[in-house]
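The structure under discussion appears below in the form of structure tokens.
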4 protein chains.
Amino acid sequence: MGRGAEGATSPASYRHWTAEHVRFADLDPLGHVNNNAFGVYFEQGRVGFARESRLLEGRPGIGTVLARFAADYLAELGHPAGIAVGTRILSVGRSSFVFGQGVFAGERCFAVAESVTVLFDLATRRPVALDPAQRRLLEAWMESFSGAR
Amino acid sequence: MGRGAEGATSPASYRHWTAEHVRFADLDPLGHVNNNAFGVYFEQGRVGFARESRLLEGRPGIGTVLARFAADYLAELGHPAGIAVGTRILSVGRSSFVFGQGVFAGERCFAVAESVTVLFDLATRRPVALDPAQRRLLEAWMESFSGAR
Amino acid sequence: MGRGAEGATSPASYRHWTAEHVRFADLDPLGHVNNNAFGVYFEQGRVGFARESRLLEGRPGIGTVLARFAADYLAELGHPAGIAVGTRILSVGRSSFVFGQGVFAGERCFAVAESVTVLFDLATRRPVALDPAQRRLLEAWMESFSGAR
Amino acid sequence: MGRGAEGATSPASYRHWTAEHVRFADLDPLGHVNNNAFGVYFEQGRVGFARESRLLEGRPGIGTVLARFAADYLAELGHPAGIAVGTRILSVGRSSFVFGQGVFAGERCFAVAESVTVLFDLATRRPVALDPAQRRLLEAWMESFSGAR
């Protein structure tokens, strides 16, 4: 059990940010944010990245699905709280790539996650290769991260 | 990226089962069960195991929290569908233990997960050690699995 | 404030039933089923009715949306619990109809709801009239209820 | 079927506001915000009102529960969207009061709701009377609304 990839718990490691806040509905009977609500925060960060980076533009009928998700929960989070989801690209494959993410309140990291994400044909329901423009886009985000360290 | 621990995708690996079904509300805009709904199925299996095994009996004020969760999503799942969540114990530590789980429809495995679960004092909000009875209980479940192979 | 339409809290008033159970994830920090989880139970009953009655068969590209939803919460519900959602048709209009529903555990009613549901063209995103077959189907369900009293 | 209490669809009717935004997870397979996600927005507004008005201060062990909820859904809402939940007090009873609310994006109203809310003893799980300070607080919020028209 670790804390995700190198630098995962440091805000300085992320260049893409999504503003969120804890909803009362994110709490479970233990009075803290449930792990599946953290899952929603991470999803919101990935969806925000895809939209703002224009990753899927020019590829109608193509979406993304999760193949693997792994998260470390580092501290309890309560309500109300303003949070920010940091998102970066950790690696790029043929038809998949890996998101690295962290949920922060201020400088403090409450959870980190890695998500293996597969490009997916919505008609055939099968994986499909990243095209050269998508690969360049993801590699540029990946490098910008490395340069930032 | 793997498929979880050995035997994780085989129903024969599990001795504790929780019946579930897909709700319409578990679907996302892609028309399939969202990964966070799978997270709810896995939670339902862990909660069912804890209740039916009486893991927390005799320890008032003690609950469990997730420290780490890792899942592989193997196939799309739609609505309606009857499913079953298989749950086993993969390892036992001092104040934590690891659940291994699978979501099945019939013999087919749609997702597997491992969850590092920490015994937790609900007043101090700090980890607390498993007592000898809890350790024996979890080890008995772990061995019953090994014997079943 | 009332208890819905006549007979709403009596299981004898319903002919269509959907089996459900409370999930741990349906609980909120007060330790009981949150009102929005009841909303999911009611939705599951409406979706089950639409599928099993074949209401939308022969009308591709047509779905249903909620125009109005009103629920009375009569008693707290906990976890675990097996429940059943009873569904009936209270009235039929030109492009809409009204569901009456109740959530029961055994004979006891925990919540009732009425849902004004509109037939909806998924391409134009506009209401569309019920066709004669749909009207007959809904009226038959409505009458079967009256006859049952 | 109506549009709630007088002025319910006008932003000018509300003095308490809660900022929200649509999450991807709020969407259902029809690609729009599900009615139960609207239910979460309304809940977030009520919880924000209770906290910011200090309605429950000085009354330990007392919470609120919903007895009745009625909503009109006026237009489809998509993702992403910034929204605001307006909240007012429509009436005050002995142990209950009625929230009136609207969900807005800009000036446009997407849904309105009325929620009969009961003061509730978390130990006995029974309704309990509003004390004089709570009554004054709620009546002041109710009057401030009337004055604003």
* Degrees, to the nearest 10: A:132-148 long Cα axis against longest axis of chain A -> 40 degrees
* Asked: How much solvent-accessible surface does residue C:109 expose, in Å² to the nearest 10, with a 1.4 Å probe and all protein chains in place?
  -> 20 Å²
* Structure fact -> Any trypsin sites (Lys or Arg not before Pro) in the range A:79-139 that lie in a DSSP loop and have at most 12 other Cβ atoms within 10 Å would be A:94
* Which residue is it, in chain C, that holds its beta carbon closest to the axis of the C-onto-A rotation, and how many whole angstrom away? -> C:29, 3
* Total accessible area buried between chains D and A, 1.4 Å probe, in Å² to the nearest 100? -> 1400 Å²
* Asked: residue A:129 versus residue B:56, label points 7 Å from Cα toward the beta carbon: distance in nm?
  -> 5.1 nm
* Which order, highest average first, do A:75-87, C:67-79, A:28-40 follow once you tally other Cβ atoms within 10 Å for each residue and take the mean per peptide? -> A:28-40, C:67-79, A:75-87
* To do: Partner chain Cβ atoms within 10 Å, averaged over the residues of C:13-23 - can you pull that number for me?
  => 1
* Structure fact -> For the range A:1-86, the accessible surface attributable to carbon and sulfur atoms (probe 1.4 angstrom, ligands and nucleic acids excluded) amounts in percent to 50 percent
* To do: Determine the distance separating the Cα centre of the range B:1-72 from the Cα centre of the range C:22-67; give it in Å without decimals.
  => 22 Å
* **Inter-copy spacing of residue B:135 label points, which lie 7 Å from Cα along Cα→Cβ, given in nm from shortest upward** => 5.3, 6.0, 7.4
* To do: Only Cα pairs under 8 Å and at least 6 apart count here; give the relative contact order of the range B:1-123 as a rounded whole percent.
  => 35 percent
* Asked: Which whole number gives the average, over all residues in A:71-77, of C-beta atoms from other chains lying within 10 Å of the residue C-beta?
  -> 4
* Roughly what angle does helix D:35-53 make with the longest principal axis of chain D, taking Cα atoms, 0 to 90 degrees, to the nearest 10? -> 40 degrees
* With every protein chain left in place, what is the accessible area per residue of chain B in square angstrom, probe 1.4 Å? -> 41 Å²
* Report, as an integer, the average count of C-beta atoms from other chains found within 10 Å of each Cβ along D:25-33. => 6
* **Label spacing, shortest first and in nm, from residue D:12 to its equivalents in the remaining copies (7 angstrom along Cα→Cβ)** => 5.3, 5.4, 7.4
* Asked: When each copy gets a label point 7 Å from Cα toward the beta-carbon at residue A:82, what are the spacings between them in nm, shortest first?
  -> 1.3, 5.0, 5.0
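The values are calculated or read from the model by the stated rules, or taken from the named source; none is laboratory data. Because the structure is a prediction, the values reported are computed rather than measured. In this analysis, Cβ positions are derived from the backbone assuming ideal geometry, glycine residues included, and neighbour counts consider all displayed protein chains. Each accessible area value is taken on the protein alone, full model and side chains, heavy atoms only, with ligands, DNA and RNA left out. Shrake-Rupley method; radii C 1.70, N 1.55, O 1.52, S 1.80 Å.
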